[in-house]
1. Any idea which residue in the range B:193-232 is farthest from B:ALA129 (Cα to Cα), counting only those that are of a type in the set (Val, Ile, Thr) and in a helix (DSSP H, G or I)?
2. Within the bounds of the range B:147-155, is there any residue that is within 28 Å of B:MET1 (Cα to Cα), more than 14 Å from chain A (Cβ to nearest Cβ), part of a helix (DSSP H, G or I) and modelled with pLDDT of 95 or more?
3. For residues in the range B:294-325 being charged (D, E, K, R) and more than 9 Å from chain A (Cβ to nearest Cβ), which is nearest to B:PRO149 (Cα to Cα)?
4. Taking the range B:242-254 as the search range and keeping residues that are outside any strand (DSSP E or B) and facing chain A (nearest Cβ under 9 Å), which one is surrounded by the fewest Cβ atoms within 10 Å (Cβ to Cβ)?
5. Select from the range B:149-195 the residues that are more than 22 Å from B:LEU24 (Cα to Cα) and either among the aliphatic types (A, V, I, L, M) or outside the structural domain of B:TRP44 (by TED's automatic domain parsing) (or both) and list them in ascending order.
6. Quick check on B:LYS117: is it under 26 Å from A:CYS258 (Cα atoms) and at pLDDT 95 or above?
7. Could you say which residue among A:ILE60, A:ILE14 is within 14 Å of chain B (Cβ to nearest Cβ) and at pLDDT 95 or above?
8. Can you confirm whether B:VAL301 is touching a Leu at 6+ places or on another chain (Cβ under 7 Å) and not in a loop (DSSP other than H, G, I, E, B)?
Amino acid sequence: MSNNEVLIPTVGVITDVRRDTPDIKTFRVVTPNGVKPFEHKPGQCAMLSIPGVGEAMFSITSSPTNTEYMEFSIKKCGCVTEWLHSAEVGQQITIRGPYGKPFPVDDEFVGKDLLFVAGGVGLAPLRSVINYCRHYRERYGSIDIVYGSRSKDDLLDYKEIIDEWSNEEGVNVHLTIDNPQEGWDGHVGFVPNYVKELNFSTNKTAVLCGPPIMIKFTLEGLCSLGFDKTQIYTTLELRMKCGVGKCGRCNVGSKYVCKDGPVFRFDELDELPSEY
Amino acid sequence: MRKCSIDNINDVLKALSEKIPLYLPVDRLDGKATYQKYQEGKVWSNALNTERSAKDFFFPQMENLVEFKTQGKNVEVIDIRDEKQDFIIFGVRACDVKSFEILDRVFLSQPVDTFYKSRREHGIIFSLACSKPNETCFCSVFNIDATAPAGDVTLWKTETEVFFKANTEKGEKILSEIDSLTTECGEETVNEQREKTKKILSKLPLSDLDLTNFGVGKTKALFDSPLWKEMSSTCLGCGTCTFVCPTCQCYDIKEFKVGDKVTRFRCWDSCMYSDFTKMAHGNPRLTQAERFRQRFMHKLVYYPDNNDGLFSCVGCGRCLSKCPISMNIVKVIKRVGGKENE
């Protein structure tokens with residue numbers, strides 16, 4: 001049959017597995033021919049599956065500017081993720097996508113000072129945007145990254161953050177962990193409080209991703225600093241089966257997270273029921 | 001317009017089914033009408049409508065999507081889609097014909113669902129005008145004309161005759177193939193029946209349902225109504241309403257494994273079920289009140305929001321007669337829409 005059918009996936013091969021934290025691994029995926037499965041934009045997602053176990057939606061953590069492979073940072077928390085965590089290099093899986101509306105990196109973000117705020121595995125979707133904006137550095141103003149997790153060991157992409165992001169001019173990295181820890185001389189405290197302490201100027205465009213409670217209080221914090229909701233973006237996650245707005249389960253009001261999201265601006269979310 | 005005597009309808013059905021497989025409402029032993037494949041001896045039901053809707057023809061309750069072969073670390077994807085054959089659905093009522101348009105907007109919008117599309121392209125619809133609508137019918141509320149349904153061919157049935165009118169090229173072609181069994185006729189009898197039926201339709205108890213408070217942009221006004229909790233308090237979450245509904249289209253994708261072969265299939269799902277939105281880290285619709293609200297908000301607000309104001313209900317009345325606790329969309333329209341005198 002000549003028609004392309006989105007529900008029929010293609011084969012992907014796991015070519016690298018990196019343990020980032022005790023419960024997060026980053027998987028590198030290419031096609032059996034060794035090339036990147038498909039092109040995407042920062043913030044978009046892909047459906048990964050292991051036939052016989054199940055299929056689930058994951059944000060693509062690698063930047064579109066990576067021409068060789070795709071990466072997915074995945075926290076172990078359910079059937080599919082648990083299986084993936086047991087997978088070894090060479091394992092074939094299935095992949096389909098890309099899905100969803102990306103971050104407006106080529107329009108609204110252009111020329112803006114950017115503030116990224118992430119908690120835990122919430123860095124996974126933001127890493128794609130951050131590295132995209134670093135790649136096209138001249139298009140954007142300053143870049144601030146606030147990233148927090150429970151402990152030092154739970155920080156994702158720690159090596160890349162320290163070796164690359166922190167050393168780049170015009171990129172300011174602010175790391176924090178929830179509680180004091182031996183060997184950590186950085187900031188200690190929750191992300192929302194740290195964001196307020198850092199007292200960012202309100203001309204920035206902010207992107208938040210993390211646990212719902214972090215998002216709630218960071219949003220409140222930014223608004224109290226004088227940010228407008230039209231300057232703040234986030235990315236949502238709901239259960240999905242099709243990825244293309246037809247199976248009917250990831251809607252928030254009239255919007256489907258898989259198709260109209262996962263990226264939303266907070267003034268857009270204000271128009272929707274708070275059912276997410 | 002052409003016609004045949006009701007006594008000769010079996011000849012017509014036989015002639016059609018010899019060319020193309022034909023499905024028509026036939027009474028089961030328990031008296032309920034269901035679509036069955038025509039073969040000699042099958043009798044066209046006189047029931048007002050089939051127990052299940054006609055959506056099964058294009059969106060079956062369960063269908064295989066793709067197969068996988070797994071061996072060691074290797075996965076092979078096997079496309080199992082086959083070429084569909086033409087088929088006729090005979091005697092589809094106006095409500096169900098309208099439901100196809102509502103499903104089309106979901107499955108044929110980009111990216112097109114090729115499973116649905118190929119069935120849709122091969123289906124030839126013979127619709128049947130209503131002459132004796134039921135008390136639970138309220139299609140007119142959604143501007144559906146039960147006396148002149150769409151489809152490739154429209155049928156009108158009287159005590160003595162069956163009338164045929166082609167609406168599409170497909171319909172003209174197939175009618176021309178049974179020319180010898182029908183005769184050319186005027187539209188007087190049909191028009192007479194239509195006028196009579198329209199009078200009955202206008203007097204049906206649900207014909208004055210008021211949808212003013214539903215439709216595009218009504219989410220904020222309705223979402224937080226306390227009535228959702230009250231009205232859903234007896235809902236069993238059985239999902240019957242969604243299964244008999246001609247426009248409910250939510251589906252699940254699941255798999256089964258036999259040896260090293262995995263078959264991935266899709267099947268109907270229901271927003272009324274507790275695990276519909278359940279994720280590893282929680283559920284955004286924890287109680288039946290939220291699921292109940294989702295079903296009706298989807299039909300009466302969310303779907304219209306995304307589809308030029310079109311409601312995702314055709315007033316067929318199946319959910320009214322099937323709900324074990326007698327809760328239904330009519331009660332929701334009346335109460336949440338604020339029009340019922342309590």
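1. For the range B:193-232, the residue satisfying everything is B:THR219.
2. Within the range B:147-155 (the criterion being within 28 Å of B:MET1 (Cα to Cα), more than 14 Å from chain A (Cβ to nearest Cβ), part of a helix (DSSP H, G or I) and modelled with pLDDT of 95 or more), the answer is no, since none of the residues qualifies.
3. B:ARG318
4. Among them, the one singled out is B:CYS250.
5. none
6. On the way: under 26 Å from A:CYS258 (Cα atoms): yes; at pLDDT 95 or above: yes.
So B:LYS117 fits the description; yes.
7. On the way: A:ILE60 fails: within 14 Å of chain B (Cβ to nearest Cβ).
Checking each option against the conditions leaves just A:ILE14.
8. yes
The values are calculated or read from the model by the stated rules, or taken from the named source; none is laboratory data. What you see is a predicted model; the values in this text were computed from it and never measured. With ideal geometry, Cβ positions are generated from the backbone for all residues, glycine too; neighbour counts draw on all protein chains shown.
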